[in-house]
Amino acid sequence: MSIKASEISDLIKQRIDKYMELHKQLEKDGPPLKKTDDPAKIKASQDALAAGILAARAGAKQGDIFTPEIAQRFKSLMYPELKGQKGVATKEVLKEDAPPPMALKVNMRYPESAPLPTVPPNLLANLPQLPDDLEYRIVGNTLILRDVHANLVIDFIPRAIR
């Protein structure tokens with residue numbers, strides 16, 4: 001019997017909601033960013049948000065959001081898409097988009113020079129939906145949770161891809 005994304009939604013929702021409360025509060029407290037195409041202004045806004053999150057989550061560690069139970073269920077949700085002939089095709093897509101290997105840490109800035117690999121749609125369809133400010137990415141065999149606006153790795157699941 002396969003585990004549905006809805007079954008783990010409640011398990012992760014509380015953790016994601018708590019993080020998003022912090023994110024939104026820090027965005028609101030930070031300098032307002034008017035619509036702009038100026039990369040320097042966008043980067044300054046991103047840096048300010050990241051600094052606030054880093055200060056507020058100074059003790060954050062891997063597994064704070066993706067607890068061992070959640071990580072195991074995520075792996076179970078993705079596994080059917082990674083086995084057999086369908087899995088071969090999915091893994092090829094992951095290889096095509098792969099950034100260079102990197103040591104991941106919670107609260108690290110995602111390297112601006114590294115590509116942001118897409119997550120194949122068949123894998124995304126099996127995972128709980130995220131708020132617009134967060135996204136899943138796959139680096140090597142690790143599933144990361146990335147804050148888009150702050151460009152921070154919020155949590156990750158090592159060896160999520162087998």
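The values are calculated or read from the model by the stated rules, or taken from the named source; none is laboratory data. For clarity, every value in this text was computed on a predicted model and none was experimentally measured. Remember, those area values only see protein heavy atoms, side chains included, never the ligands or the DNA or RNA. Shrake-Rupley method; radii C 1.70, N 1.55, O 1.52, S 1.80 Å.
Classify segment 8-94 as rounded, prolate or oblate from the Cα gyration tensor: take a ≥ b ≥ c as the square roots of its eigenvalues, call it rounded if a/c is under 1.5, otherwise prolate when a/b beats b/c and oblate if not.
Cα axes put segment 8-94 in the oblate bin.
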Review point. By how many degrees, between 0 and 90 and to the nearest 10, does the Cα long axis of helix 5-29 differ from the longest principal axis of the chain?
Key: 10 degrees
**Study point:** Accessible surface of the chain, 1.4 Å probe, proportion on carbon and sulfur as whole %
**Key:** 55 percent
**Study point:** Euclidean distance between Cα centres, segment 41-59 to segment 95-162, Å
**Key:** 18 Å
Point to revise | Among the listed pairs Lys41/Lys95; Lys28/Lys91; Lys43/Lys91; Lys61/Lys86; Lys61/Lys95; Lys35/Lys91, those beyond 30 Å (Cα-Cα) | key: Lys41/Lys95; Lys28/Lys91; Lys43/Lys91; Lys61/Lys86; Lys35/Lys91
